[in-house]
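I'd like to ask you about the structure that follows.
The values are calculated or read from the model by the stated rules, or taken from the named source; none is laboratory data. Source: prediction; values computed, not measured. Here the Cβ is made from the backbone with ideal geometry for all residues, glycine too, and neighbour counts use every protein chain on show.
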Ligand code: HEC
């Protein structure tokens with residue numbers, strides 16, 4: 001009995017980890033994501049709130065930074081996030097991307113942690129980096145200080161793609177594109193939003209970013225879907241978003257589930273077997289009742305015959 005339980009447990013573990021085995025080939029982080037900057041400063045307060053968030057969400061697997069006491073998960077064990085090896089190789093943007101996406105046994109924190117919380121954790125981890133000052137200069141993209149930031153959308157329905165342009169006005173009055181900003185392209189579905197941003201939704205040096213719309217996403221009868229495009233992280237330029245109805249989906253005639261023959265259908269659409277059983281039952285019962293009645297009517301006649 002004990003062995004059976006052990007075997008089942010082993011099978012279960014193999015089952016869980018075979019999923020992560022399939023994509024244990026390492027991470028692919030888009031180069032523009034690597035350049036993303038931590039908008040928060042490494043103040044003592046930020047580091048300590050990062051430590052709290054780390055202890056709650058990450059420590060169970062990654063252990064204490066620099067202590068190399070990680071949980072020995074298979075096939076890929078969690079990294080010691082305080083080790084120089086890791087910190088030297090990873091930019092803040094890269095860590096941010098990995099924390100958002102997750103991989104294998106590493107969960108995604110895209111929805112479970114706020115952007116601020118994620119950057120606080122990164123600020124905390126970076127506090128273990130001995131040569132952080134040198135590295136930060138290499139990765140930086142500098143956008144000039146701008147006002148009147150605008151988001152413009154362009155839709156190409158034939159090619160099924162969509163682009164967004166992010167621009168702002170500099171102090172000299174020139175409108176310039178803003179580079180390296182992550183955008184989210186979301187399609188409204190019945191429950192919440194579907195993210196169709198793809199792998200690399202960061203604006204280029206002109207402030208443009210283009211996404212390819214999925215070919216098989218169902219729209220309404222005319223193929224229309226509701227899109228919401230926004231700057232993912234509003235720590236940079238505040239809340240910037242635009243909603244738009246676009247004809248990029250596949251036209252779909254929604255079938256009303258009430259129109260087919262089913263248990264939940266209206267009377268005319270009841271399944272044949274229910275109609276047959278019901279009618280059969282009714283006819284059967286009434287026949288028995290009439291049979292009995294006829295026999296009873298015969299009774300007095302039979303009685304008079306006897307006399
Ligand atoms: C359930 C366990 C678990 C939790 C909780 C967890 N991680 Fe991970 N993490 C992993 C594993 C396993 C890997 C290795 C995944 C791989 O490389 O396939 C990993 C990898 C990473 C990497 C990439 C490391 C590298 O070498 O490139 C980063 C960064 C990271 N985790 C950050 C975090 C942060 C920050 C948190 C908390 C907000 C966190 N993780 C919470 C298990 C976890």
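Looking at the stretch 94-119 only, could you name the residues that are more than 10 Å from the ligand (Cβ to nearest atom) and buried (at least 19 other Cβ atoms within 10 Å of the Cβ)?
119, the sole residue that qualifies.
Now a separate question. If I filter the stretch 58-72 down to residues being more than 27 Å from residue 195 (Cα to Cα) and surrounded by 13 or more Cβ atoms within 10 Å (Cβ to Cβ), which single residue comes out as farthest from the ligand (Cβ to nearest atom)? Before you say what the answer is, go through the steps one by one.
From the stretch 58-72, those more than 27 Å from residue 195 (Cα to Cα) are 59-72; that's our starting set.
Narrowing further to those that are surrounded by 13 or more Cβ atoms within 10 Å (Cβ to Cβ): 59, 61-66, 70.
Working: 59: 8, 61: 3, 62: 5, 63: 10, 64: 13, 65: 10, 66: 15, 70: 8 Å.
The residue in question is 66.
Given the structure, is residue 111 outside any helix (DSSP H, G or I) and under 24 Å from the mean Cα position of the chain (by Cα)? Write out each step before concluding.
On the way: outside any helix (DSSP H, G or I): yes; under 24 Å from the mean Cα position of the chain (by Cα): yes.
So residue 111 passes the test.
Within the stretch 76-92, which residues are more than 20 Å from residue 130 (Cβ to Cβ) and either buried (at least 17 other Cβ atoms within 10 Å of the Cβ) or modelled with pLDDT under 90 (or both)? Before the answer, list the steps.
To start, the set of residues in the stretch 76-92 that are more than 20 Å from residue 130 (Cβ to Cβ) comprises 76-78.
Result: 76, 78.
Which of the strands (runs of 3 or more DSSP E) found entirely inside the stretch 207-256 contain at least 3 residues meeting this: under 20 Å from residue 32 (Cβ atoms)?
On the way: elements: 208-212, 225-231, 241-246.
Output list reads 208-212, 225-231.
Among the listed residues 177, 168, identify the single one that is at negative phi, buried (at least 19 other Cβ atoms within 10 Å of the Cβ) and at pLDDT 90 or above.
Values: 177 fails: buried (at least 19 other Cβ atoms within 10 Å of the Cβ).
Only one candidate passes the filter, namely 168.
Per-residue answers, yes or no, for (1) within 24 Å of the chain's Cα centre (by Cα); (2) more than 10 Å from the ligand (Cβ to nearest atom):
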residue: 51; (1), (2): no, yes
residue: 56; (1), (2): yes, no
residue: 74; (1), (2): no, no
residue: 85; (1), (2): no, no
residue: 92; (1), (2): yes, yes
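Now, a different point. Pick out the one residue from 115, 92, 129 that is in contact with a helix residue (DSSP H, G or I) (Cβ under 8 Å, 6 or more places away or on another chain) and within 30 Å of residue 193 (Cβ to Cβ). Outline the logic, then answer.
Working: 115 fails: in contact with a helix residue (DSSP H, G or I) (Cβ under 8 Å, 6 or more places away or on another chain); 129 fails: within 30 Å of residue 193 (Cβ to Cβ).
From the options 115, 92, 129, the qualifying one is 92.
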